[in-house]
1. Along the positive direction of the dipole of the stretch 291-439 (beta-carbon charges: Lys, Arg +1; Asp, Glu -1; about the Cα centre), which of A418, V432, F390 reaches farthest?
2. Per residue, how much accessible area does the stretch 244-363 have with a 1.4 Å probe, in Å²?
3. In whole angstrom, note down how far apart the Cα centers of the stretch 55-81 and the stretch 458-493 are.
4. Listed here are the pairs K319/K490; K282/K348; K63/K104; K348/K374; K320/K374; K319/K372; which of them are more than 18 Å apart at the Cα?
5. In terms of solvent-accessible area of protein heavy atoms at a 1.4 angstrom probe, what is the ranking of T322, T406, highest value first?
6. Using Stokes-Einstein with the Kirkwood hydrodynamic radius over Cα pairs, what translational diffusion coefficient do you get for the stretch 230-297 at 10 °C and a viscosity of 1.306 mPa s, in µm²/s rounded to a whole number?
7. What figure, in Å² to the nearest 10, do you get for the accessible area of L50 with a 1.4 Å probe and non-protein molecules left out?
8. Roughly how many debye, to the nearest 20, is the charge dipole of the stretch 396-458 about its Cα centre, given +1 on each Lys and Arg Cβ, -1 on each Asp and Glu Cβ, and no other charges?
Amino acid sequence: MLGGGALVAANVYATATESGSGQQPGQSQADQVLASGAATIDCPDVGTKLTAVPDQARAEVDKQLALLDKQIAEAYQRLQNSAQAVQQDAGFADNAIMNPLKDKRTATIDRIAIAIGRVGERPQGLESLAACTLRATGNEAGGGENGDQAGDGQDAGDANQDEQGQDQGEGQDGQDQGDQQGGNGGQAANAPVAEDFTDITTVQPNVPKPQQQSNASRGTFTTSCGVNANGLFNSDNVIVAPGVTNGAHHFHDYVGNQANDAFASDEDLANGDTTCVDQGDKSTYYWPVLRLQNGVQEQDANAPGGGIEGNIGEIVTPKKVTLDFVGNPQSKVTEMPRLLRIITGDAKAFVNGTANANASWSCTGFEDRQLKDKYPLCPQGSDVVRTFKFQSCWDGRNIDSANHRTHVAFADANGNCANGFQAIPQLVQRIVYDVDAPSLNDGGRTVPLFAVDSFPEQVHKPVTDHGDFINVFDEDLMGEMVDCINAGRKCGVGGDAGAGAGEEPQDKPTENPQDKPTENPDDASGENGGNAGNGGNDEADAGNGDNAGDKDTPEPATKAPDAEPEVGSAPASRPNPEVYATPSPTQGDQDVSPAEGSDDSGSGGEGDYSDQASDAGGNDQAAGAQTEPQGGSGSLAETGTQLWPAAAGAVLVISGFVLLRRMRRSSY
């Protein structure tokens with residue numbers, strides 16, 4: 001009896017231990033990660049490899065690249081909705097998600113190669129980019145990069161965050177995604193987590209200041225285009241995916257040009273209205289919206305790019321948007337060509353790696369401390385700040401390139417443009433939000449977390465933040481900008497010399513006020529604390545005087561409750577957003593390319609799971625399923641074939657009991 005009982009106990013303990021590990025027979029490490037709901041899909045970025053695409057093939061290639069993004073988004077949605085299936089079938093993820101995705105990507109990549117081969121030399125080796133992998137959604141971006149910006153002139157000194165900025169605040173140690181559900185409106189499986197945030201006061205100053213040379217262009221030209229208080233949003237991206245609805249799979253704020261959608265032509269942009277105070281600036285400036293993870297349903301809650309793809313919660317209107325064009329610490333700048341397109345940052349940096357990541361996060365009063373891969377926790381009285389410093393070197397020929405990067409570049413750490421590129425005014429875009437530091441100890445239940453919109457598989461990581469710009473300045477105004485910057489002045493409407501401090505933001509087309517550049521002698525030496533025109537671009541000095549980020553011991557700026565709104569600042573309340581996106585939740589791949597019907601040859605068909613992946617309510621259900629205890633793996637019901645030792649022990653116990661009774665009777 002003793003031996004049998006011990007055998008039963010040992011076997012039950014072993015079974016329980018196995019259950020706790022969550023590993024079934026034949027279950028891979030990837031399947032275990034999937035069962036926990038902490039995984040994403042990592043696919044090689046084909047677009048970045050295409051540095052030379054003939055103009056005749058560009059439209060078709062762009063459509064096929066957009067289709068690749070759509071396929072990944074659908075596969076990720078399928079992954080999110082399949083927690084139970086993955087738990088029950090160790091091979092489900094590969095058989096139902098990853099292998100079909102590879103087949104679809106293979107067909108699409110082949111069409112890209114064919115399109116290029118028709119008018120030029122067919123690219124080789126693209127087929128090796130078809131396979132994707134499953135990876136855990138930890139905080140480190142793919143590729144193992146350290147956050148350096150590849151010679152962008154703004155040394156990513158925040159790469160040492162792992163050593164000095166990892167304290168996530170009291171009570172958040174061990175926080176997991178399951179704890180986030182209550183505070184994230186059901187978005188737990190695709191939401192930011194506590195580890196995505198860091199206390200800005202624990203970060204050391206890390207913004208370099210390149211030395212100014214005698215020929216430096218020290219001026220600043222400011223344009224004021226509002227904060228998108230009129231609510232112009234869509235999930236298109238006319239630069240990366242022209243002619244494709246929902247090409248971004250996340251929503252953008254737009255200021256400036258009001259004609260920007262997937263189908264906007266150069267002529268449409270030139271003739272469009274603008275929210276800029278100076279009507280000579282019809283440029284378009286856009287970036288992913290910031291949302292509070294508070295469960296509020298915006299108008300895009302059931303739309304592609306919005307709730308269907310995991311971008312949920314209340315859209316936050318910026319408190320202030322500052323758009324400064326600054327100079328170069330080494331040389332004078334030349335005019336930007338009309339319709340020049342620039343993308344800064346990488347919307348896929350979480351899986352691509354951080355080579356092209358370039359958004360910076362900080363807090364007012366602390367902007368000499370910049371974060372690349374963390375959202376900031378700002379002290380009371382301090383606002384969240386996003387800063388984008390765009391590429392400032394141009395190849396002198398092209399307004400765009402096949403991968404939207406090689407025609408422009410960052411200056412090196414000293415401000416030099418390499419490879420024959422020439423210096424152009426650098427756009428420094430600063431966006432301020434009045435949002436409170438979230439309550440990490442309860443997963444955002446008390447004070448909601450915030451996050452930028454992203455491609456679904458990028459899971460709202462801050463490192464994926466990015467900004468887009470198309471230059472539609474009048475040529476005369478562009479000339480004035482360059483003259484102002486090269487002369488070391490501070491000019492433009494909305495700057496200190498351009499508009500009164502109490503002027504209301506203009507989010508609708510306005511008449512052009514007086515916009516002649518005005519000279520500011522104090523800026524001639526480059527010593528003005530509000531001047532971002534040094535090419536080194538101390539984020540603390542990004543063109544506005546309310547920033548105390550350059551102090552040796554920064555203190556949070558106290559908000560003035562009754563202060564007049566600044567130019568480019570948000571109104572007291574935001575109207576309901578008008579979603580200008582055109583996609584329908586039922587649109588299929590035919591919206592991307594007429595040739596896509598052949599995408600699925602040998603792969604089971606493009607529609608084999610898109611209906612399930614597109615279910616508007618699927619994400620909330622998946623979030624709940626992903627965060628519940630995964631108790632099925634290794635449970636008694638599923639491991640009966642492994643319980644023979646316990647069964648044998650039970651037989652021994654029963655036999656011993658019977659033997660004892662017989663011995664007892666015989667003793668009488």
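1. A418
2. On the way: 2740 Å² over 120 residues.
Value returned for the stretch 244-363: 23 Å² of accessible area per residue.
3. 30 Å
4. Numbers: K319/K490 23 Å; K282/K348 28 Å; K63/K104 14 Å; K348/K374 15 Å; K320/K374 21 Å; K319/K372 21 Å.
Checking Cα-Cα distances, K319/K490; K282/K348; K320/K374; K319/K372 exceed 18 Å.
5. Working: T322 10, T406 65 Å².
Sorted by accessible area, descending: T406, T322.
6. On the way: Rh = 12.6 Å.
The diffusion coefficient I find is 126 µm²/s.
7. 10 Å²
8. Working: 4 positive and 7 negative charges, 60 e Å.
Once rounded to the nearest 20, the dipole reads 280 debye.
The values are calculated or read from the model by the stated rules, or taken from the named source; none is laboratory data. Source: prediction; values computed, not measured. No Cβ is skipped: glycine too gets one built from the backbone with ideal geometry, and neighbour counts run over all protein chains shown. Just the protein is used for accessible areas: all its heavy atoms, side chains included, with ligands, DNA and RNA removed. Shrake-Rupley method; radii C 1.70, N 1.55, O 1.52, S 1.80 Å.
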